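The values are calculated or read from the model by the stated rules, or taken from the named source; none is laboratory data. Note that the structure is predicted; figures quoted are calculated from it, not measured. As a convention, Cβ positions derive from the backbone with ideal geometry for all residues, glycine included, and neighbour counts pool all protein chains shown.
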Amino acid sequence: MGYCSVSVRCGLLLGLAFALALPAQAKLQVLASIKPLALIAQEVVGDQADVITLLPITASPHDYPLKMSDHRNLRNADLVLWIGPEMESFLARPLGNLPVEKVITSYQLPGLNWPAIEQDDDHHHTNHAHTDKDPHLWLDPRNAVVIARALATRLAQLQPQSAVKFQANAQRFALSVQALDKQLAAQLNPVKTVGFAVYHEGYGHFVGRYGLHQVAYVTYTPERRPGAKHLKELREVLANEGRCLFMEPHYKVQGLEGMVTTLNLGIGLLDPIGDQQVSSYQQLLQQLSQSFLTCLADRRDH
Ligand SMILES: [Zn+2]
């Protein structure tokens, strides 16, 4: 026929025809709202899907202005994994437009563990729009397992030929996290009675799981500056039983240095999201545990 006279061109045409005939072999796209959820998702999908993280690690998960490219990523995702409106309130409306089977709302999963709310802490909460359950639920390793299993089930529905892989990945993750959970409990046991304050009220799941002695927080949500009345209360509580004050990256509060010096507090840094160096969920928890330990063990006998 002389149509494909040059073999290279012929091959290109064949290749093009092939690509047009079979366009559906693209990997599944899983969009996780925040880094901790992306780390959990990565364990479950393995090499069977791509995981994208919506929020940069420097952004607050409580308040984030979505960009055009974020909206595009949301539309293109096969599955979106987020905590829920209690955490990423800015996602409630865009996710409301997606079909329900494309979204996993972690906060609503059955089988999650919730920390007990301390009664004597209640007066701190009166000024805030307060949800009863702490949405930073990934900080309890048992909840990470719940999320991983739910994700494996949903991914298996989306891509049945990989179902066995997803389930096996979730199972391996569960075993690894359960071992780590035991390790952290043993590590933190010697510092359980050392009182401390955290920067924002976001560690209840970790503190509750390992029975740590949190006595106060500087601010309820990171964006809100503490008022004079709250700072006065904070100082009184810390003067009585505080040994450490844990701050967070990306936030600063004026006037805390004086309190730290006069009360002779140790200073630590907690990162609930995980910085650039953190590349697995287990590492995120280990880093958090290490941060608690470093200050609390040092101040135990002061
Ligand atoms: Zn938070």
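A few notes on this one:
- Qualifying position, being more than 16 Å from the ligand (Cβ to nearest atom) and under 26 Å from K35 (Cβ atoms), among Q283, Q214, Q254: Q283
- Some residue of the stretch 219-231 being farther than 16 Å from Q287 by Cβ, modelled with pLDDT of 95 or more and either within 16 Å of the ligand (Cβ to nearest atom) or among the charged types (D, E, K, R) (or both): no
- Qualifying residue in the stretch 162-176 (condition: over 21 Å from S106 (Cβ atoms) and of a type outside the set (A, V, I, L, M, F, W, C)): yes
- Some residue of the stretch 141-160 being crowded, with 22+ Cβ neighbours inside 10 Å, at pLDDT 95 or above and assigned to a strand (DSSP E or B): no
Table: residues versus (1) of a type in the set (F, W, Y); (2) part of a loop (DSSP other than H, G, I, E, B); (3) surrounded by fewer than 20 Cβ atoms within 10 Å (Cβ to Cβ); (4) out of contact with any strand residue (DSSP E or B) (no Cβ under 9 Å at 6 or more places or on another chain).
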position	(1), (2), (3), (4)
T193	no, yes, yes, no
V198	no, no, no, no
H205	no, no, no, yes
V215	no, no, yes, no
V218	no, no, no, no
T221	no, yes, yes, no
L231	no, no, yes, no
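Rundown of residues vs (1) within 28 Å of V45 (Cβ to Cβ); (2) touching a residue at least 60 places away in the same chain (Cβ under 8 Å), yes/no style:
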position: V260; (1), (2): no, no
position: I273; (1), (2): yes, yes
position: S280; (1), (2): yes, yes
position: Q286; (1), (2): yes, yes
position: T294; (1), (2): no, no
position: A297; (1), (2): no, yes
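- Options A185, A179; residue that is surrounded by fewer than 16 Cβ atoms within 10 Å (Cβ to Cβ) and either of a type in the set (S, T, Y) or touching a residue at least 24 places away in the same chain (Cβ under 8 Å) (or both): A185
- Pairs are defined by a Cβ separation below 7 Å, a sequence spacing of at least 6 or placement on different chains, a first member in the stretch 155-174 that is without any contact (Cβ under 8 Å) to a residue 40 or more places away in the chain and of a type in the set (S, T, N, Q), and a second member that is surrounded by 16 or more Cβ atoms within 10 Å (Cβ to Cβ) and part of a helix (DSSP H, G or I); the pairs so defined are Q167/A152; Q167/A156.
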